[in-house]
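All remarks here apply to the structure that follows.
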Amino acid sequence: MPKGDKVWIHYLKNIIASDSRSAVFLATYIKRNFESKDYTAFIELIDIQQYKVISQPQKVRKVIKERAKIPFVFIVGKN
């Protein structure tokens, strides 16, 4: 394989990276973005289990932290 070519691997949580160190960095970066105040102003959550749409930034941050591993809570852009 030529020096500039890399193999891209699809890791857990939809992370696509060329090596595991890059994947860990991207996963950490994405998690911090989801929890930041700036980013939560542009997203809302759809909770299918409780039939709710959560769009207030404070509540979005709280739900993301609490329900990180619970299924059926989807992050959606407000656009």
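Derivation of every value follows stated rules applied to the coordinates shown; laboratory data play no part. For clarity, every value in this text was computed on a predicted model and none was experimentally measured. Cβ: placed from backbone, ideal geometry, glycine included. Neighbour counts: every protein chain shown.
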Taking every alpha carbon pair in segment 39-79, what does the distance histogram look like in 10 angstrom bins from 0, in percent?
33, 61, 6
Once you place label points 7 Å from the Cα toward the Cβ at SER18 and LYS59, how far apart are they in nm?
4.4
